[in-house]
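See structure below.
The values are calculated or read from the model by the stated rules, or taken from the named source; none is laboratory data. Model, not experiment: these values are computed from the prediction. Don't worry about glycine lacking a Cβ; one is built from the backbone with ideal geometry, like all the others, and counts go over all protein chains shown. Calculation scope for accessible area: heavy atoms of the full protein, side chains included, ligands and nucleic acids excluded. Shrake-Rupley method; radii C 1.70, N 1.55, O 1.52, S 1.80 Å.
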Amino acid sequence: MMKTWQAGKRLLPMTATLGLILAGCGREDLSVLRPQGPAAESSFDLMKLAITIMIVVLLIVFSIAAYVLIRFRRKPEQREIPEQVEGNFKLEVLWTVIPLILVVVLAVPTVRAVFAAGNDHSDDKNAIKVKVTGHQYWWEFEYTDYGVKTAQDLVIPAGKDIAFELSTADVLHSFWVPSLAGKMDTNPDGTINRFSFSAPNEGVYRGKCAELCGPSHGFMEFKVKSVSDAEFEQWLASMKSPAVLPEDPEIAAKFKSACLQCHAVGDQGIAMGPDLTGIGSRESVAGILLNDDTGVDGAPILDNLKTWLHDPQGVKPGNKMPDPKKDLGLTDEEIDGIAEYLAGYTLD
Amino acid sequence: MDWLTTVDHKKIAILYLWAGGLFFGIGGLEAILIRIQLIKPMNTFLDAQTFNELITMHGTTMIFLGVMPVIFALMNAVIPLQIGARDVAFPFLNALGFWTFLFGGILLNLSWIMGGAPDAGWTSYTPLSTTTYSATHGVDFYTIGLQIAGLGTLIGGINFLATIITMRAPGMSYMRMPMFAWTTFITSAIILFAFPAITVGLVLLTFDRILGANFFEVGGGGNPVLWQHIFWIFGHPEVYILILPAFGIISEVIPTFARKRLFGYSSMVFATILIAFLGFMVWAHHMFTTGLGPVANALFSVSTMLIAVPTGIKIFNWLFTMWGGQVRFTTPNLFAVGFIPTFTMGGVTGVMLASAPADFQFHDTYFVVAHFHYVIVGGLVLGLFAGLHYWWPKMFGRMLGEGLGKWTFWTFIIGFHMTFFVQHFLGLMGMQRRVFTYLPNQQFDLLNLISTIGAGLMGVGMLFFLANIFLTSRKPADAANDPWEDGRTLEWTIPSPPPEYNFKQTPLVRGIDAFWKEKTAGHKGMTPSEPVGSIHMPSATILPFLMSVGIFIAGLGFMFSRDTFSSEALSFLFNNYIVTGLGLLITFGSMLMRSLYDDHGWHIEPEELEGR
Ligand code: HEM
Ligand SMILES: [Cu+2]
């Protein structure tokens, strides 16, 4: 035990340098290499240790290989037969024992981290409990203690432990926010998974589905919004306030008859599809049309909503929403009206 | 016709090679299409459904139909020769194994033209692969095609086990067997234990899909995680079925071209057995994120890491085989030497993946894609190239061109590293696998572009190889018995290509590297262990082919048994299992013929042997 720790310690300087180099890789809100929370950090520490050991191994193998290949090329004048060596017991023991030690160096912290990651906070009074349900191809988040349901944007208070309960409504998905924690599958009832993470820094993080789930698997993205406690409380309060319906009564009627048979806003409708309460404040439409008024990363929300409502299949092939025009019989004007209403439906 | 009825292991080897080449080509084209789609963000070259079909078929084809037959080709071509045998133990079964494999593969690929390829990934995880979420016949083609092809593999494995156990030349004890024979032996044992698992899995999934059973159907009380266990109990050993023969090839090629015996032979044998054993203990490392709980994850983490130990032994033994030798850089040896660092890189990322908490991040990302391609392409395919260039003269009597061979090597290996090295970083930067496209501005764009260019370069390498084969086939077949001059094992003691009966007289083996031993003792050839005598040969027969056609028809019939067709007659034939019955009738009829009609084979008499 003592010995492995020493070996681990000797690897530390290299691990540190490596950490610095790798931290240059990828976006802060997305990359595994730029962890933004304790869970991701624990994975990252193990990765750094593993990469360090592995680079050492590679360097040894590469240098022996290079040496052998240069030193022992056959020269044209060589006729005599090289000595036929049977093996070398000591050497062979050496390269059995060294890998074994390296494995132990990696295995000990691995096992420790495995059990630490098993800590799911499900009976922690201070943790926020969120039930995540994967659907083809969108994410539903239910705050069981608060009776609030939302979709695509997971809003959490910064620094608090979030206790997740993961399941799926259809096929397997996998819930993954690379910069906050490793992924966990969403299984059907009976094999429900629990885990937890926290995001100490306020900000928006990109989440993905990591298990093939059908044509739009690649588009099954979501955002995690880490906000201050006060903002979180306020968000909860406005999510619970009564629904705001379109001002124009005709649009309101259409919205109720066509959209609310699957969607919900506030206390209206049923949330079979994504809950649309306060959708004007979200980071994206359908998880992938990024809302960005500057147009750098996406388009203004109104444009995105129109894009989606005019052609949901074009945006996300294979998704389960009917086409508003063809299947639900809405006119272009009605669709644009609904889009404007939704874009303006923000939470304060 | 000759080719349809042959039971000669050398001809079956060539059949396997062409079949493997065909499927490898299909799988390669699929890969190129996938990479073109991913060349830039939000590309619209392919649609999402087609992309999913392509990744499913690419994976399935490559694992089951692309490299497997090439491995079997080399085993068939080489094993009987290496152990001094006149054929495999069951020549009839050998032919049957090939034909069921081929017809299974054809059935699977028919899905492209018969209404939709499988689209649930090569792992076919349920519930995505159930009829609820995959409504075309795609996954049926997968289950039934693989079932039939798997039958061929299982038959082949059993045959090699029997051959190696019973047919070694006098004096060839287990500890004198060439390493390739050893790895073939162990591989066959793994096949024997692993394939029944996938067979059962595929049967259950077929029942769910075609007969409406509920093994995996959640609504009916089935458990989708069960499929994952069954699949990986087979799937992980399958990886070793693929890589062990490559280890064997490398262990043949390196000693030959270093002119030294394999360093640490007995530790190599021991390491191979250990890898096979551990290979069965680690399947759940594919399932860390499924939620098995910390105890299982810890156990499977540690047992997986342990595989690094025997693998490390092998790598150092290869390096020390060359130490003090005289290394020649022929094409086969270039591939073998290229194998060592490349495979090592795949191995170390494997150890990284074994650490479960880190795997929560790696799993289902491009990091994993990079890892297994380093092992399968950088390991196995480089190994197969080494083996093909090495044994080509023995199989065909012609040396492949060295110039083109070197071009193949350099374009292929540079293309390979370009394609897959950057994918490690894509994965770590947050790109999940099996996505048909990705949003821009995630810093994925450049690395994906590099990756696609690399894939193109690998394609060019394959073209060089094909050109080499084509040009070589037009040269006279005049390769020497021992064309590399430093051959160490028995296959190099007989003509290239070998006569139908391989050895006129079974050789007497006096040590490891039998031929080298005789050469260094100043002898020209092997000492025979028997006088020249009449040689018994099995008769050619069409029955294996017919049996496989029967199974193929039965499979198609079963698959469409619940469909309604536009024509009444077709509906009648399929819905009443008449087509299925007809297929089975052909198969069982052929079996009956085989049992009733006693075929004693034929003999090659001594006069004829001398006449050559
Ligand atoms: C015209 C009326 C409708 C409107 C305005 C509407 C609006 C939306 C919007 C804005 C989204 C994206 C939500 C987000 O991810 O931020 C969405 C997604 C979705 N809608 Fe609707 N919807 C309508 C009708 C329906 C109906 C009738 C159904 C059910 C049959 C439905 C099912 C879905 C589903 C399943 C998704 C998730 C698609 C995915 O992301 O994979 N929608 N809808
Ligand atoms: Cu998905």
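Here are the numbers for the structure shown:
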| read-out | value |
| --- | --- |
| Residues (at the interface with chain B (Cβ under 10 Å from one of its Cβ atoms) and in contact with a Lys or Arg (Cβ under 8 Å, 6 or more places away or on another chain)) located in region A:140-182 | A:L166, A:S174, A:F175, A:W176, A:V177, A:P178, A:S179 |
| Odd one out for A:L290, checked against (1) open to solvent by 30 Å² or more (accessible area, probe 1.4 Å); (2) under 30 Å from B:P41 (Cβ atoms); (3) more than 16 Å from ligand 2 (Cβ to nearest atom); (4) within 30 Å of the chain's Cα centre (by Cα) | (1) |
| Some residue of region B:406-423 being over 25 Å from the mean Cα position of the chain (by Cα), surrounded by fewer than 21 Cβ atoms within 10 Å (Cβ to Cβ) and of a type in the set (K, R) | no |
| Region A:303-320 - residue that is within 14 Å of A:R282 (Cα to Cα) and open to solvent by less than 50 Å² (accessible area, probe 1.4 Å) and, of those, nearest to ligand 2 (Cβ to nearest atom) | A:N304 |
| Every pair of residues 6+ apart whose Cβ atoms lie under 6 Å, when the first sits in region A:196-223 and is at the interface with another protein chain (Cβ under 7 Å from one of its Cβ atoms) and among the hydrophobic types (A, V, I, L, M, F, W, C) while the second is open to solvent by 10 Å² or more (accessible area, probe 1.4 Å) and more than 10 Å from ligand 1 (Cβ to nearest atom) | A:L212/B:R434 |
| Odd one out for A:D189 among (1) within 15 Å of ligand 1 (Cβ to nearest atom); (2) farther than 18 Å from B:Y366 by Cα | (1) |
| Among (1) away from chain B (no Cβ under 14 Å); (2) away from ligand 2 (no atom under 16 Å from the Cβ) - the single one A:V285 does not satisfy | (1) |
| Filtered residue count, region A:23-45, keeping only those that are open to solvent by less than 20 Å² (accessible area, probe 1.4 Å), in contact with a Leu (Cβ under 8 Å, 6 or more places away or on another chain) and hydrophobic (A, V, I, L, M, F, W, C) | 4 |
| Close pairs (9 angstrom Cβ cut-off, 6 or more residues apart or separate chains): at positive phi in region A:281-296, among the basic types (K, R) anywhere | A:A286/A:K316; A:G287/A:K223; A:G287/A:K316 |
| Subset of region A:191-222 (residues that are among the basic types (K, R) and either buried (at least 24 other Cβ atoms within 10 Å of the Cβ) or within 16 Å of ligand 2 (Cβ to nearest atom) (or both)) | A:R206, A:K208 |
| Qualifying position, being within 30 Å of A:G182 (Cβ to Cβ) and open to solvent by less than 10 Å² (accessible area, probe 1.4 Å), among B:G325, B:G346, B:G293, B:G350 | B:G346 |
| Count of region B:78-111 residues which are of a type in the set (A, V, I, L, M), part of a helix (DSSP H, G or I) and open to solvent by 10 Å² or more (accessible area, probe 1.4 Å) | 5 |
| Residue satisfying condition, being within 14 Å of chain A (Cβ to nearest Cβ), surrounded by fewer than 24 Cβ atoms within 10 Å (Cβ to Cβ) and within 29 Å of B:A271 (Cα to Cα), within set B:M167, B:M175 | B:M175 |
| Pick from region A:264-278, criterion at pLDDT below 90 and on the phi > 0 side of the Ramachandran plot, ranking: nearest to ligand 1 (Cβ to nearest atom) | A:G269 |
| Among residues of region A:49-65, those that are open to solvent by 10 Å² or more (accessible area, probe 1.4 Å), more than 8 Å from chain B (Cβ to nearest Cβ) and farther than 30 Å from B:V327 by Cα, counted | 1 |
| Residue within region B:541-560 that is modelled with pLDDT of 90 or more and farther than 30 Å from B:M114 by Cα present | yes |
| Only one of B:L439, B:L447 that is within 13 Å of chain A (Cβ to nearest Cβ), open to solvent by less than 50 Å² (accessible area, probe 1.4 Å) and either part of a helix (DSSP H, G or I) or in contact with a helix residue (DSSP H, G or I) (Cβ under 6 Å, 6 or more places away or on another chain) (or both) | B:L447 |
| Scope region A:251-280; condition open to solvent by 30 Å² or more (accessible area, probe 1.4 Å) and without any contact (Cβ under 8 Å) to a residue 12 or more places away in the chain; matching residues | A:A253, A:S257, A:Q261, A:I270, A:M272 |
| Condition met for B:S251 (of a type in the set (G, A, S), surrounded by 23 or more Cβ atoms within 10 Å (Cβ to Cβ) and within 12 Å of chain A (Cβ to nearest Cβ)) | no |
| Failed criterion for A:A237 (all others in (1) without any contact (Cβ under 8 Å) to a residue 12 or more places away in the chain; (2) hydrophobic (A, V, I, L, M, F, W, C); (3) within 16 Å of ligand 1 (Cβ to nearest atom); (4) surrounded by fewer than 24 Cβ atoms within 10 Å (Cβ to Cβ) hold) | (3) |
| Scan of region B:414-436 for residues that are at the interface with chain A (Cβ under 9 Å from one of its Cβ atoms), more than 18 Å from A:F219 (Cβ to Cβ) and touching a residue at least 60 places away in the same chain (Cβ under 8 Å), ordered by number | B:G427, B:L428 |
| In region A:19-48, the residues that are of a type outside the set (D, E), within 11 Å of chain B (Cβ to nearest Cβ) and part of a helix (DSSP H, G or I) | A:L22, A:A39, A:A40, A:S42, A:S43, A:F44, A:L46, A:M47, A:K48 |
| Exclusive hit being open to solvent by 30 Å² or more (accessible area, probe 1.4 Å), assigned to a helix (DSSP H, G or I) and within 30 Å of B:D563 (Cβ to Cβ), set B:G219, B:G212 | B:G219 |
| A:S174 closer than 21 Å to B:L226 by Cβ, within 16 Å of ligand 2 (Cβ to nearest atom) and modelled with pLDDT of 95 or more | yes |
| Among (1) more than 15 Å from ligand 2 (Cβ to nearest atom); (2) within 11 Å of chain B (Cβ to nearest Cβ); (3) within 20 Å of A:P274 (Cα to Cα), the one test that A:Y137 misses | (1) |
| Any hit, region A:296-308, residues being farther than 22 Å from B:F436 by Cα, near ligand 1 (Cβ under 8 Å from one of its atoms), away from every other protein chain (no Cβ under 14 Å) and touching a Pro at 6+ places or on another chain (Cβ under 8 Å) | no |
| Matching residues in region A:66-91 - criterion: being polar (S, T, N, Q) and surrounded by fewer than 10 Cβ atoms within 10 Å (Cβ to Cβ) | none |
| Elements of type strands (runs of 3 or more DSSP E) in region A:121-182, at least 1 residues being away from ligand 1 (no atom under 13 Å from the Cβ), under 15 Å from the mean Cα position of the chain (by Cα) and in the same structural domain as A:R194 (by TED's automatic domain parsing) | A:128-135, A:153-157, A:162-168, A:173-177 |
